[in-house]
Each structure stands twice: as structure tokens, then as C-alpha cells.
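Novice: Below is one structure. I have some questions about it.
The values are calculated or read from the model by the stated rules, or taken from the named source; none is laboratory data. Quick caveat, the model's predicted, so the values are computed rather than measured. As a convention, Cβ positions derive from the backbone with ideal geometry for all residues, glycine included, and neighbour counts pool all protein chains shown. Each accessible area value is taken on the protein alone, full model and side chains, heavy atoms only, with ligands, DNA and RNA left out. Shrake-Rupley method; radii C 1.70, N 1.55, O 1.52, S 1.80 Å.
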Amino acid sequence: MERKELAAQNAEPPKVACLWMGEDGGYRKEMLLEKRLKIAVIPLDREPMIEFPIDEGTLFHVEYREGYLEKCEGRAIQLLELAIDMKANIIVFPEFVCSQEIQSSIQRYLRQIYEEKPQRLRNLLVVLAGSAWTDNDNVAVMFSYDGRMLGKQYKTERFSDLKKKGKELIENFQNPGKETVIVEVEGLGKIAVGICRDICNQDYIKRLTEIFSPQLLLVPAWSSSLYRGFENQLKEITAYNHMTCSVLCNCCEAMEGQEFREEIGMLVTPVKRGSVVEGKVCCIQRQKGNCRHCQKGGCIILVHMCFRSSSVKRGRMVTKKKQINCC
């Protein structure tokens, strides 16, 4: 990769972090030999959590509403705990709503459980703690099962679809793409991250997937529309390198204020049609009946995936999806 291909002039080259398997390394390696994964998508909350104040002109930043931390910190940990109890291997939170305090709480929780009851974490590999508005930047953090920070991902492309008073507003972060993390897991492959708009305007992320060929691309998002901004772009990434499976986790808050839609996330997996590899789209859905109970604690959507060659050839890598309420 040439320096001119980085997200910005002051951006650092991508860093590859290797996941240490720990005391349960033998179990984790055996688990991955099964070529199956459970991925927990956590849309967090429907209630208003963030605001978009104007800095100047058309530039805006993100602020957290009064009472946000008091409510959402406990909810995030409860949902994390539920995902762990459901034996999730990978856990993904949405964009924006995992503030620095919540990211720190997730890290403390993982550290505490690893010290006190490490067996509870024997199925877990990594947690993508969404993204937070951090020192005028939009930053996602990746943690290993034991709470070790594997790296940070700075958003590259500015969100500019928010409209107010006839103006198109632009996300006012300062260091686009400053840090990029890619996690390598023995027996699985590489895991990359693209934050919301980084997929819509995909040049940098597409180049990363071309170079590093990640098995998984995790996408924390805060978007009122999934298909227009992500479907074709993620399909193109998969078709281009033939192996990347994308997992998009949207936030329920972003879908409020419009007619209820079940789609709260997206999976794109490779499938071979004749001699051509394409991306196959599978929606991650919430059920309206379950969403009525959201105030009781929220939910996770647990996605079962199979990476065996027979499943890939048949285009059936997603074997099961289930919404599980926390109440």
C-alpha cells in the first residue's frame, strides 16, 4: 500500500493485531475447526440517545443526551452478558452510541469476567464496541475476549446525509482514518472494520479488503436506510476478493420516526454462480412484536454461520438467525 492510498495525509498505516488464544486456546482452536461462528448483532436501543448540534455552517458533531449514560451503560453490559451466555464468538455494537464511557465499561466487564470466571468467555473471540464520538473523531474499538484492546478504527468518510432546514450537514471529525485495525485469528482469518459511511464511499475499505483479504468485515452503522447505502457496495467487495463476509449492525434509534421496518442489519456472503463469485445478501431482522418490549432491556440478534466448503458452494453460509430479548 502506498502512503497516498491511506485515508488522509496524517493517517497511520493499517495495523494487524494477532488474537492470543489464552488459556482456553486449545478449545478455541478446536471450536474454529468446526468452521462455524455465532455472531451477535446488538442494535442497542430505540429511544433517542444522541443529538447532532451544529458547529458552524454545515458542520455538525455528536453529543449524548442527558441521562444517556445512566440508561445505556447498564443496557450495553446486560446485552453483552446475554450474547456471551448465548455463546457468541463475535459481538458487534452500532455506530455513535458506544460512548467512551461505554467502551471502557465493556473493557472492564470483559477483564473482570476473564479474571473471575474465564470459562464463561471460552467461546468469545472479539467484541467490536461500536463507535464513539471521541475528541472530535468517530472511533470504534476492538477488544479481545479478555478485555485487551486490539486496536482502534477511525472513521474515514464523513456522514453527510442528515438534512436540516434545507441544508445538507456534514460530520465534523478531525482525523479521518487516523488508525486502522485488522485482527488476525488463527483458524479463522483476518477481521476488518468499516464504519457506516466508509462502506457507502468505499474506496479505502475496498482497497484494504483487496490487500488483506479479510474473512470478515464488521460494519457498525447508524443509518435510516440500509439498501441504498450498503447492499451494492458490500456485494462488490465480496465479488472483488471472493472471500469476505460482511456483517452490518445498525442502531434501532436511526430507524425511528418512520414506518417500522424489520431490517436492522445485513449479511453479505460469497456464492459461486457458474464461474462467477457474487455477494449474497441476507437481512438481519427484528420482529415488531419483540420490539414492543425494547424498554425492558433490548435484544440481540444471534446469527449462525457455517464456513464449510459445502455451505459456501450452496450459498447457505447463514444457517440461522434469532432475536433474543433481554428482560
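Novice: Just to confirm my filter: which strands (runs of 3 or more DSSP E) fall fully inside region 118-160 and include at least 3 residues that are out of contact with any Cys (no Cβ under 6 Å at 6 or more places or on another chain) and open to solvent by 20 Å² or more (accessible area, probe 1.4 Å)? I'd like the intermediate steps shown before the answer.
Specialist: Working: elements: 126-133, 138-144, 149-154.
Those strands (runs of 3 or more DSSP E) span 149-154.
Novice: For the structure I just gave you, tell me whether Phe230 is assigned to a helix (DSSP H, G or I) and among the aromatic types (Phe, Trp, Tyr).
Specialist: yes
Novice: Looking at region 171-191, which of its residues are open to solvent by less than 10 Å² (accessible area, probe 1.4 Å) and closer than 30 Å to Arg36 by Cβ? Give the steps one after another, and end with the answer.
Specialist: Pass one, region 171-191, residues open to solvent by less than 10 Å² (accessible area, probe 1.4 Å): 171, 173, 177, 180-183, 185, 191.
The answer is Thr180, Val181, Ile182, Val183, Val185, Ile191.
Novice: Would you check which residues across region 68-95 are under 21 Å from Gly194 (Cβ atoms) and among the charged types (D, E, K, R) and list them?
Specialist: Glu95
Novice: Do we find a residue being open to solvent by less than 70 Å² (accessible area, probe 1.4 Å) and touching a helix residue (DSSP H, G or I) at 6+ places or on another chain (Cβ under 6 Å) anywhere in region 48-66?
Specialist: Within region 48-66, one or more residues are open to solvent by less than 70 Å² (accessible area, probe 1.4 Å) and touching a helix residue (DSSP H, G or I) at 6+ places or on another chain (Cβ under 6 Å).
Novice: Within region 203-225, which residues are in a helix (DSSP H, G or I) and either closer than 20 Å to Pro94 by Cβ or of a type outside the set (Ser, Thr, Tyr) (or both)?
Specialist: Asp203, Ile205, Lys206, Arg207, Leu208, Glu210, Ile211, Phe212
Novice: Next up: With the structure loaded, tell me whether Arg308 is surrounded by fewer than 15 Cβ atoms within 10 Å (Cβ to Cβ) and in contact (Cβ under 8 Å) with a residue 60 or more places away in the chain or whether it fails that test.
Specialist: Values: surrounded by fewer than 15 Cβ atoms within 10 Å (Cβ to Cβ): yes; in contact (Cβ under 8 Å) with a residue 60 or more places away in the chain: yes.
The answer is yes for Arg308.
Novice: Further question: Select, from Glu253, Glu262, the only residue that is farther than 17 Å from Lys155 by Cα and open to solvent by 40 Å² or more (accessible area, probe 1.4 Å).
Specialist: Within the list Glu253, Glu262, the selection yields Glu262.
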